[in-house]
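K.L.:
Got a structure for you, questions after.
The values are calculated or read from the model by the stated rules, or taken from the named source; none is laboratory data. In this text the structure is predicted, and so the values were computed from the model without any measurement. Cβ coordinates were reconstructed from backbone atoms using ideal geometry, including for glycine residues, and neighbour counts include every protein chain displayed.
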Amino acid sequence: MTARIGVVLFPGTNCEHDIVHAVTRMGAEAEILFHDRHDLGGADAVVIPGGFAHGDYLRTGAIARFSPIMEAVRRHAAAAGPVVGICNGFQVLCEAGMLPGALQKNAGLRFVCAPVRLRVETTASVLTSAAEPGQVLRIPVNHFEGNYVCDRATLERLRADDRVVLRYLDNPNGSLDDIAGICDEGRNVVGLMPHPERASESILGSTDGVVLLRSLLDAAGAAGAVNATVPASGSASGSMPVVAGSR
Amino acid sequence: MKFEVTVEISRREGILDPEGTEIERVVPALGYTNVTGVRMGRTMRLVVDAADEAAANDQVDEMCRRLLANPVIEDYRISLSALETA
């Protein structure tokens, strides 16, 4: 079953076509989902790509979380559907309360645009299931606000629950505990600052992002198979199973 | 009753303030060698129509928690004054 990837587009998002290109190249179907939609168009997995949603006004990701589509993303995540936020998408997921913590300005006030080395800390997430534990990946980052921060209790919980998905080997931004990516309690919502789609074919200088995108497509394929067996819920989102309440 | 509200948002203690740090680092270049504790923040001004000052304060406090500030990294301070109406 072909995985269907929904790629969320806010005003100011600018990496949506990169994701569409990368995942369609890998055999998935992709659809760009405008922020004013109330449904995911039957997507099996959602990517919130990088960019500057709503101009990063107020704080990065702060306005985007009020977009109608975020309610659909929330329902999808609550029903164990895969959701990945890349860069600005990670910031949106934190502001939306779907991932803990926040991303502040890089230490040293430096915009970082460079390939970085990452270590896969857990393979129990929708973004790393196809990777090897401890695998080192070379993937570019491109951000000003990638310095992850959270309170001590949250950090301890992330560590205890094995929810730090990726760590920097050479921390480029001052991020707490070298955190490059985390997942939620269900392990189906992942946020990361590096851009796997920019390391997805040899012409880009690295193909190390492919194993992450492959994991996502596998998770999407599995979610799609589940969706196909679940009767339509009668909601506006059609084939998406909907779980009442939010976490 | 209308209240003029000022919300001052600053980074929480212990949260890195790279802008404040950078400003503090360059100020001595101008000859001001006695400046420490520079913190960068932002200010919002709004007018709220509410029954009384407590109600206005409560509403803005809730707005701060839900949108205007990010409690993970930011503190906020609210000050209000009644706006004279002609």
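K.L.:
Looking only at the stretch A:68-91, filter to residues that are among the small types (Gly, Ala, Ser) and within 13 Å of the chain's Cα centre (by Cα); which one of those is farthest from residue A:54 (Cα to Cα)?
P.N.:
This residue is A:81.
K.L.:
From (1) hydrophobic (A, V, I, L, M, F, W, C); (2) closer than 23 Å to residue A:168 by Cα; (3) out of contact with any strand residue (DSSP E or B) (no Cβ under 7 Å at 6 or more places or on another chain), pick out the condition that doesn't hold for residue A:94.
P.N.:
Just one mismatch for residue A:94, condition (3).
K.L.:
Determine which single condition residue A:59 fails, assuming it passes every other condition in (1) among the basic types (Lys, Arg); (2) within 14 Å of another protein chain (Cβ to nearest Cβ); (3) within 15 Å of residue A:182 (Cα to Cα).
P.N.:
Unmet for residue A:59, out of (1) among the basic types (Lys, Arg); (2) within 14 Å of another protein chain (Cβ to nearest Cβ); (3) within 15 Å of residue A:182 (Cα to Cα): (3).
K.L.:
For the condition among the β-branched types (Val, Ile, Thr), out of contact with any Lys or Arg (no Cβ under 9 Å at 6 or more places or on another chain) and surrounded by 24 or more Cβ atoms within 10 Å (Cβ to Cβ), what is the one hit in A:164, A:210, A:190?
P.N.:
So the residue among A:164, A:210, A:190 that is among the β-branched types (Val, Ile, Thr), out of contact with any Lys or Arg (no Cβ under 9 Å at 6 or more places or on another chain) and surrounded by 24 or more Cβ atoms within 10 Å (Cβ to Cβ) is A:190.
K.L.:
Restricting to the stretch A:148-175, count the residues that are free of Cβ contacts under 8 Å to residues at least 40 places away in the same chain and in contact with a strand residue (DSSP E or B) (Cβ under 7 Å, 6 or more places away or on another chain).
P.N.:
1
K.L.:
Go through the stretch B:52-86 and give me each residue that's within 14 Å of chain A (Cβ to nearest Cβ) and surrounded by 13 or more Cβ atoms within 10 Å (Cβ to Cβ).
P.N.:
Once the filter is applied, which keeps residues that are within 14 Å of chain A (Cβ to nearest Cβ) and surrounded by 13 or more Cβ atoms within 10 Å (Cβ to Cβ), the stretch B:52-86 yields B:63, B:64, B:67, B:68, B:69, B:70, B:71, B:72, B:73, B:74, B:75, B:76.
K.L.:
Here's a follow-up. Among the residues of the stretch A:184-205, is there at least one that is polar (S, T, N, Q), closer than 30 Å to residue B:73 by Cβ and modelled with pLDDT of 95 or more?
P.N.:
yes
K.L.:
Now a separate question. Can you find, within the stretch A:107-161, the residue that is farthest from the other protein chains (Cβ to nearest Cβ) among those that are of a type in the set (Asp, Glu) and part of a loop (DSSP other than H, G, I, E, B)?
P.N.:
A:132
K.L.:
Another question, then. Select from the stretch A:29-38 the residues that are under 11 Å from residue A:217 (Cβ atoms) and over 17 Å from the mean Cα position of the chain (by Cα) and list them in ascending order.
P.N.:
Residue satisfying the conditions is A:29 alone.
K.L.:
Just give me the residues in the stretch B:39-48 being touching a helix residue (DSSP H, G or I) at 6+ places or on another chain (Cβ under 8 Å) and more than 14 Å from every other protein chain (Cβ to nearest Cβ), in sequence order.
P.N.:
Within the stretch B:39-48, just B:48 meets the criteria.
K.L.:
When you scan the stretch B:9-38, how many residues do you find that are modelled with pLDDT of 85 or more, within 14 Å of another protein chain (Cβ to nearest Cβ) and out of contact with any helix residue (DSSP H, G or I) (no Cβ under 6 Å at 6 or more places or on another chain)?
P.N.:
The total comes to 10.
K.L.:
Moving on. Could you tell me whether the stretch B:35-48 includes any residue that is assigned to a loop (DSSP other than H, G, I, E, B) and farther than 29 Å from residue A:102 by Cα?
P.N.:
yes
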